[in-house]
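All of the numbers you see were taken from the coordinates with simple rules; none came from a lab. Fair warning: this is a prediction, and the values are worked out from it, not measured in the lab. Cβ placement follows ideal geometry from the backbone for every residue including glycine, while neighbour counts extend to all protein chains displayed.
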Ligand SMILES: Cc1cc2nc3c(=O)[nH]c(=O)nc-3n(C[C@H](O)[C@H](O)[C@H](O)COP(=O)(O)OP(=O)(O)OC[C@H]3O[C@@H](n4cnc5c(N)ncnc54)[C@H](O)[C@@H]3O)c2cc1C
């Protein structure tokens, strides 16, 4: 109703969009309350998604992926947001972890890990944040010390999406603490049987209740030197800087879809709910608030669509991706808050999708780099 068809949403994407829509309606939406109660999706869901081709859609077929582009990823994340799901950590798994492996992995590493991520045999996570360092990644203390043909990995990570289910974790560690950004490397840890690796609590969050967010501990974990991403030490910071724009665009794509959905469910609600003998939509305040929300949705949609198109042609720069991230998440929070208000008390009841949308939205301004850090990045480009 609110949306025109995005220019990047070409007809060849219709089958994957329909597939994703059906998958989220059938395999995810009916189980949302259970996922929220157990704080993670069923492990089996990863296998199911892998079987139908919803994992790693933009990884080449040679490595078990779908052979598509970022547009295939974006379609799936939009459908997820439209289904109101915030449990299934596929954005991190397919859109982020798989792309680190594809972008920097040696041929052997790509063949070893990507097919297993695409099938759902492995769940992927990326562990940057530590209890003492989030925005300031150079402040991490996790250490990887070379010992013969292995690294000895020591440190603690927190807030890690897919943390309790991950079988493959890309760990950001210092291989040379004296070298600043050039002393950071990415080590791939296969958690199965890794001695000294321990998962901590699945953390209780304000929203995203079904999403598995955990602490991870590495106590002298011996990781084969062959698991150093790209095979060369000191590349971690550059790899992170190159991949973060896609992570931020994924957040923007999900945020605009969630924003549009919030407006849609609110329009439906105010047409049904009556007060003072008329429907809520009859009040000028309701009409003006929704007119503003619809405008915010349209403006944000145009910008995010433009960013997706630029990303597809390799022209999305880091500052523009940062703009898309802060803008779309900021608008999402503002609009969802207005929508909750129009629902009255029902907007505060968790059984109403708008209430869940409200609690799920808040973190979008925090993770993937906080919105303040986004503004720093943009300011540096001016
Ligand atoms: C649900 C969830 C899932 C997450 N998933 C992952 C994951 O999968 N992997 C992972 O590695 N991390 C993950 N994170 C961590 C997330 O990326 C960090 O929380 C985020 O980067 C902020 O770091 P911090 O929490 O340490 O906050 P801090 O860095 O301590 O920031 C606190 C405040 O200070 C502000 N601030 C900091 N530096 C500046 C500055 N230079 N200028 C202005 N303001 C500044 C920040 O904007 C913020 O408002 C997740 C977090 C959450 C909540």
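With the simple model of a label 7 Å out from the Cα in the direction of the Cβ, residue 11 to residue 292 spans 4.1 nm. Each 10 Å bin from zero holds the following percent of Cα-Cα pairs in the range 234-313: 16, 32, 23, 16, 9, 4, 1. Counted residue by residue at 0.36 nm each, then reduced by the alpha carbon distance between them, the extension gain from residue 107 to residue 146 reaches 11.8 nm.
All distinct Cα pairs of the range 306-382 go into the 1/r average, and the inverse of that average, the Kirkwood radius, is 13.8 Å. The slack between residue 226 and residue 121, meaning 0.36 nm per residue of separation minus the straight C-alpha distance, is 35.7 nm.
Share of Cα-Cα pairs in the range 1-113 beyond 18 Å, in percent? Looking at the range 1-113, the distances longer than 18 Å represent 52 percent of pairs. In this simple spin-label approximation, residue 219 and residue 18 carry label points 7 Å from Cα along the Cα→Cβ vector, and these lie 5.4 nm apart. Ranked for footprinting exposure by Cβ neighbours inside 10 Å, fewest first, 340, 202 give 202, 340. Cα axis of helix 371-380 to longest principal axis of the chain: angle in degrees, 0 to 90, nearest 10? Taking the Cα atoms of the chain, the angle to 371-380 is about 70 degrees. Globularity index of the chain is 1.00 (Cα radius of gyration / 2.2 N^0.38 Å, N = number of residues).
So how much slack lies between residue 351 and residue 375, counting 0.36 nm per residue of separation and subtracting their Cα-Cα distance, in nm? My answer for the length gained is 5.1 nm. Under a Gaussian network description of the chain, with springs only between Cα atoms under 10 Å, the residue in 264, 233, 11 that fluctuates furthest is 11.
In terms of overall dimensions, the C-alpha atoms belonging to the range 247-382 reach 54, 24, 23 Å along their principal axes, ordered largest to smallest. Each of residue 178 and residue 312 was given a label point 7 Å from its Cα along the Cα-to-Cβ line. The distance between the two points is 5.0 nm. Computed from the Cβ-Cβ distance with R0 of 22 Å, the FRET efficiency linking residue 382 to residue 135 stands at 0.65.
Rounded to a whole number of µm²/s, how large is the Stokes-Einstein D of the range 1-41 at 4 °C and 1.567 mPa s, given Rh as the Kirkwood radius over C-alpha pairs?
105 µm²/s
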